[in-house]
Amino acid sequence: MPLRAKVATSVSKTAAALSRAAGRGDGSVIGGWIGLKIDPDLLRNLAAGRAIALVSGTNGKTTTTRLAAAALGVLGPVATNSFGANMPTGHTSALAKAGSTPFAVLEVDEHYLARVIDETNPRVVALLNLSRDQLDRAKEVAMMAQMWRTALAGHPDISVVANADDPMVVWAARGSSHITWFSAGQRWTDDSWVCPESGDPIERANGDWWCTGCSLRRPQAQWRVEDDGVIDPRGDWHLVKLQLPGTVNLGNAATALAVAAEFGVRPIEALPRLSTVASIAGRYAQVDRDGRNIRLLLAKNPASWLEAFDMAEQAPTLLSINARDPDGFDTSWLYDVDFSPLHDRPVLITGERAFDLAVRLEVNGIPFRHVLSFDEVVRSVPPGRLEVIANYTAFQDIRAELDRVN
Amino acid sequence: MSTESVLRIVWIYPDLLSTYGDRGNLLILARRAALRGIPVETYSVRSDQPMPSTADIYLIGGGEDGPQALAAQRLINDGGLHRAVNQGAAVLAICAGYQLFGHSFFAKGAKCPGLGLLDLHSDRGESRAVGEIRGDIDPRLGLPPLSGFENHGGRTHLGPGVAPLARVTAGVGNDGQTEGAWHGKILGTYSHGPALARNPAIADLLLRWAIGADSLSPVDDTWPDKLRAERLAAAGS
């Protein structure tokens, strides 16, 4: 490693440690930011010599990254950005902190995928899904798919692991020469009714989909979820025991197994490691307080709210919404979510944009109670399970109330 | 209102134009009608289905360039929406849907023909307008200030055949001065997504137009009023 990169790495690690010690966060952004100021090529230098997998998509990338890193652990030490810091500063910080590891699995914000592919020269890129997410800031879904497609076209040597159920992902990936398709199901379909290739309508039936005007259609998946397990490309079914709830996490496990297989890890080796993952940066974490078992579920956009309702038990449920920069300033998406699965349980609402949520729930016919503090929430529900579903910064606020639970 | 005395509301092409919570307007109109004891039927008409011409209120939402151009083309070929408007239907057109009600708009770098149902045309601005928007609505409509969130790259130029929906007091709207347009029973606005959530008075205006009533019985607007107050204050100046 060049001297400049060594200095940058050392300063970066120190800054991250100081940030953590000061209680200012996980330190995974500030460390990388300082390192990249000293050496703009730091990420490239830190990535050199490692076999790397990148994981990107609108939803599930933090969890899938954690599961894939656990699976690759079969082969040796794995560097990973496990705190969800998914931009180049976070990647830089994660690789600097890990020291020299033969492997790395990095979660990548979908906007940064092209740049991170260029700088890290990955062996594998996993593409999970594309759906509406913070349109006041993010690129529209079709433009994002185009960016991915262009990025991959410049790197024909990369093995792509991609979701056969998402037309936008299939269109972005299908120009690649090495593709493994997985099927993780897709509950949310409202962003792919129009073919990105031809502009014609896309039809769906029984899990299949096809464009009515051109050749784009669902490819055969080599990895897929069936019952409580995953079927591999040889047709063998493997029971998947996870601590993480919901069908969506079975899909994430299938993706992680497909990524690991690209490095030569067999499902039978990887599966015991997947079952050790209990929570990820507070997601799915359970905290006991005053007799209440509080479980944290993160939901950032319409697709992930549907998944959260699927995971949540029928118990008192707190919904918390903010609209700060990381959340997007626009709350319109609340009307893309059908909250009726909550009709059979007590609902409490809080957060900076609780009034938006109140109007939405009223239109949805869901009774609710507005609460102003987390302590008030805990006092106002009976002992037992309390499900908490929150968007990004609201989730971080509640995590802070619970001593930054991981 | 149609002879069967059921209020019929059509949501135009949700498969193409529903980028951000546009369904909310359909839900809010249906709820506010039901609270007044008005029987309602709602229809989501996909772009591969014929557009009925006998409904009372039509809603059209926002979308990306490709779907916007496709929607305009299909609506022109279908003709059902033109017949409905000529027969006096009320319309709420939002963002991309608002643009395509004019004579022309820009999508994917090309000028596309619109429906010509509002005397206006749209082109591209130098920058994208994103953020809270607030405006004083045309006093002839007798409504409280408009509150919304805008997110569009277009600029819209009004002809003499329409009036601005509002004078902008925060945000951009059509051109930094005016926001939206109205003519007859057609309302167009850049206040995107579920615009009626923050503007229940506009929802009630559409209902009054549709049933030919001067007023409606009041409903409990505690939460919409709190939301409006918060967002109008947040829009700044």
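The values are calculated or read from the model by the stated rules, or taken from the named source; none is laboratory data. Just so we're clear, the structure is a prediction, and the values are computed from it rather than from any experiment. Using ideal geometry, Cβ is built from the backbone for each residue, glycine included, and neighbour counts are taken over all protein chains shown.
From the list A:69, A:126, which one is in contact with a helix residue (DSSP H, G or I) (Cβ under 8 Å, 6 or more places away or on another chain), at negative phi and of a type in the set (A, V, I, L, M, F, W, C)? That would be A:126, the only listed residue that is in contact with a helix residue (DSSP H, G or I) (Cβ under 8 Å, 6 or more places away or on another chain), at negative phi and of a type in the set (A, V, I, L, M, F, W, C). Taken over the stretch A:310-327, the criterion of being crowded, with 21+ Cβ neighbours inside 10 Å and out of contact with any Ser or Thr (no Cβ under 8 Å at 6 or more places or on another chain) is satisfied by A:312, A:317. In the stretch A:213-234, is there at least one residue being more than 14 Å from chain B (Cβ to nearest Cβ), among the acidic types (Asp, Glu), in a strand (DSSP E or B) and closer than 28 Å to residue B:19 by Cβ? No. The condition of being in contact with a strand residue (DSSP E or B) (Cβ under 8 Å, 6 or more places away or on another chain), touching a residue at least 12 places away in the same chain (Cβ under 8 Å) and either within 14 Å of another protein chain (Cβ to nearest Cβ) or outside any loop (DSSP other than H, G, I, E, B) (or both) does not hold for residue A:130. The strands (runs of 3 or more DSSP E) falling completely within the stretch B:130-237 that include 1 or more residues that are more than 16 Å from residue B:92 (Cα to Cα) and at pLDDT below 95 map to B:146-158.
Taken together, B:47, B:18 contain a single residue that is within 14 Å of another protein chain (Cβ to nearest Cβ), without any contact (Cβ under 8 Å) to a residue 40 or more places away in the chain and crowded, with 19+ Cβ neighbours inside 10 Å, which is B:47. Of the numbered criteria (1) modelled with pLDDT under 95; (2) away from chain A (no Cβ under 14 Å), the one residue B:103 fails is (1).
Here is a check on your reading of the model: is residue B:23 farther than 18 Å from residue B:205 by Cβ and either small (Gly, Ala, Ser) or more than 13 Å from every other protein chain (Cβ to nearest Cβ) (or both)? Lay out the reasoning, then the answer.
Working: farther than 18 Å from residue B:205 by Cβ: yes; either small (Gly, Ala, Ser) or more than 13 Å from every other protein chain (Cβ to nearest Cβ) (or both): no.
No, not satisfied.
Might you let me know whether the stretch A:262-272 holds any residue that is surrounded by fewer than 18 Cβ atoms within 10 Å (Cβ to Cβ) and among the charged types (D, E, K, R)? So far as the stretch A:262-272 goes, yes, one or more of its residues are surrounded by fewer than 18 Cβ atoms within 10 Å (Cβ to Cβ) and among the charged types (D, E, K, R).
Please give the number of the condition residue A:242 fails out of (1) in a loop (DSSP other than H, G, I, E, B); (2) more than 14 Å from chain B (Cβ to nearest Cβ); (3) over 30 Å from residue A:273 (Cα atoms); (4) in contact with a helix residue (DSSP H, G or I) (Cβ under 7 Å, 6 or more places away or on another chain). Tallying (1) in a loop (DSSP other than H, G, I, E, B); (2) more than 14 Å from chain B (Cβ to nearest Cβ); (3) over 30 Å from residue A:273 (Cα atoms); (4) in contact with a helix residue (DSSP H, G or I) (Cβ under 7 Å, 6 or more places away or on another chain), residue A:242 fails exactly one: (3).
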